[in-house]
């Protein structure tokens, strides 16, 4: 059964009961520096299937935490759009995109901005999830909606980065809210 937008919104935002998850091809895309967001992405992928895609900057971030954060903060201040390593084949073929990111200074890392602007995901549903050190989803969902204005943005999931590896119950509960058997 194909979901209507109203059914998806009801499930995503708790305005009614959903019968089933949105039908269609699924992509679990994520950007991860430390591995926390990758661990959550893999849990989601294991639960819902689809394709798994890592968003990577063409110029990899430094391994040292301070060097990485210095570069990331400069990119954010400059509103930079770092080039991406690789391309997502057949981006238009996906109907639901689970989009993962670490919360960097209240929003998405700049390579995720590049990813969203590159593919747009018009007419698609984007379900954001993030790992953080205390900032929750931040402005991430609002920035996703601004960068992909013709996509529906579902209720997001935020997980403290230090607990991401053991977040199976939270991930499963969130997926159930979205209509998936998490």
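The values are calculated or read from the model by the stated rules, or taken from the named source; none is laboratory data. Keep in mind the model is a prediction, meaning the values are calculated, not measured. Here the Cβ positions follow ideal geometry from the backbone for every residue, glycine too, while neighbour counts run over all protein chains shown.
A few notes on this one:
- Count of segment 155-166 residues, restricted to those that are part of a loop (DSSP other than H, G, I, E, B) and either in contact with a strand residue (DSSP E or B) (Cβ under 7 Å, 6 or more places away or on another chain) or exposed (fewer than 15 other Cβ atoms within 10 Å of the Cβ) (or both), is 1.
- Checked against (1) closer than 23 Å to residue 159 by Cα; (2) at pLDDT below 95; (3) part of a loop (DSSP other than H, G, I, E, B), residue 8 meets all criteria but (3).
- Here the helices (runs of 4 or more DSSP H) wholly within segment 44-151 that include at least 3 residues being in contact with a strand residue (DSSP E or B) (Cβ under 7 Å, 6 or more places away or on another chain) are 110-119, 140-147.
- Close contacts from segment 137-148, counting a first residue that is over 21 Å from residue 161 (Cβ atoms) and a second that is buried (at least 20 other Cβ atoms within 10 Å of the Cβ), with Cβ to Cβ under 6 Å and a gap of 6+ residues or different chains, come to 145/153; 147/116; 148/116; 148/121.
Okay, residues lined up against (1) surrounded by 11 or more Cβ atoms within 10 Å (Cβ to Cβ); (2) at pLDDT 90 or above; (3) touching a helix residue (DSSP H, G or I) at 6+ places or on another chain (Cβ under 6 Å):
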residue: 18; (1), (2), (3): yes, no, yes
residue: 25; (1), (2), (3): yes, yes, yes
residue: 32; (1), (2), (3): yes, yes, yes
residue: 49; (1), (2), (3): yes, yes, no
residue: 72; (1), (2), (3): yes, yes, no
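- Pair list, Cβ under 8 Å, 6 or more apart: segment 156-182 residue at positive phi, other residue modelled with pLDDT of 90 or more and not in a strand (DSSP E or B): none
Residues checked against (1) more than 13 Å from residue 31 (Cβ to Cβ); (2) surrounded by 19 or more Cβ atoms within 10 Å (Cβ to Cβ); (3) modelled with pLDDT of 95 or more:
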| site | (1), (2), (3) |
| --- | --- |
| 121 | yes, yes, yes |
| 135 | yes, no, no |
| 150 | yes, no, yes |
| 153 | yes, yes, yes |
| 168 | yes, no, no |
| 180 | yes, yes, no |
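- Check on residue 87, closer than 22 Å to residue 35 by Cα, surrounded by fewer than 18 Cβ atoms within 10 Å (Cβ to Cβ) and over 14 Å from the mean Cα position of the chain (by Cα): yes
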